[in-house]
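Here the structure comes first, spelled out in structure tokens, and everything after it is commentary.
The values are calculated or read from the model by the stated rules, or taken from the named source; none is laboratory data. A quick note: this is a predicted structure, and the numbers were derived from the prediction, not measured. Here Cβ is always computed from backbone atoms with ideal geometry, including for glycine, and neighbour counts include all displayed protein chains.
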Amino acid sequence: MTIGNQTGPETPPQPRRRWGRRALVAGLLVVLGGAGGFAIGTHKAAAMFWHGMHHMQMDPQAAADHAVHRVDRVLSHVEANAEQKAKVEAIAKSAVLDLAKLGVNPKETHEKFLTLLRADKIDPAALEALRAEQVAKWDAASKRIVQAVTEAAPVLTPEQRRELTEPWLPHDSH
């Protein structure tokens with residue numbers, strides 16, 4: 001009897017993916033990458049943004065500056081001109097600063113959740129209030145990300161947007 005998803009002797013174990021800096025970069029790329037926001041899904045982009053900001057211990061301004069740096073690097077790969085870069089950088093910086101204002105703090109939320117679960121008596125109303133608060137924040141974040149994507153997308157050519165989103169497409173391994 002086998003349990004779970006076991007691999008045969010020929011298949012080496014797959015390493016766990018780590019998100020850290022890659023998550024922040026991917027989240028920022030989604031904010032900036034035109035159609036890329038829809039390729040990954042805006043809820044994941046928001047989660048990656050906050051995880052990366054917390055992981056790297058960035059304040060909002062540092063995160064915005066980092067976003068501008070990353071945008072410049074990414075847009076260089078699709079041969080964006082200086083005007084395109086400046087416009088998308090401004091959109092990204094504004095979005096990152098707005099996202100930071102939403103007050104999403106995954107570590108704090110995790111601690112609140114654990115405190116509620118470890119209590120002698122479970123308080124369903126408190127758990128529901130915490131859930132509703134987080135849903136509202138993530139909803140606001142995803143709306144702001146979609147806004148940034150819709151602002152950035154027309155700045156780039158369709159070919160540039162396709163090139164930016166290429167890494168997120170599934171690729172056959174055949």
Where a residue in segment 94-108 is within 19 Å of ALA136 (Cβ to Cβ) and its partner, wherever it lies, is of a type in the set (Asp, Glu), with Cβ under 9 Å and at least six apart: ALA95/GLU151; ALA100/ASP59
Pair list, Cβ under 6 Å, 6 or more apart: segment 152-167 residue touching a residue at least 40 places away in the same chain (Cβ under 8 Å) and surrounded by 20 or more Cβ atoms within 10 Å (Cβ to Cβ), other residue of a type outside the set (S, T, N, Q) and assigned to a helix (DSSP H, G or I): ALA152/LEU32; ALA152/VAL88; ALA152/ILE91; VAL155/LYS87; VAL155/VAL88; LEU164/GLY36
Considering residues of segment 78-95 that are part of a helix (DSSP H, G or I) and among the β-branched types (Val, Ile, Thr) only, the residue surrounded by the most Cβ atoms within 10 Å (Cβ to Cβ): VAL88
1 or more residues among the basic types (Lys, Arg) and within 22 Å of ARG70 (Cα to Cα): qualifying helices (runs of 4 or more DSSP H) within segment 96-174: 124-152, 158-165
Flag if ASP98 is out of contact with any Ser or Thr (no Cβ under 8 Å at 6 or more places or on another chain), more than 19 Å from PRO154 (Cα to Cα) and modelled with pLDDT of 90 or more: yes
Single unsatisfied condition, PRO124 versus (1) over 16 Å from PRO60 (Cβ atoms); (2) touching a residue at least 40 places away in the same chain (Cβ under 8 Å): (2)
Total residues in segment 114-143, condition of a type in the set (Ser, Thr, Tyr) and more than 25 Å from the chain's Cα centre (by Cα): 1
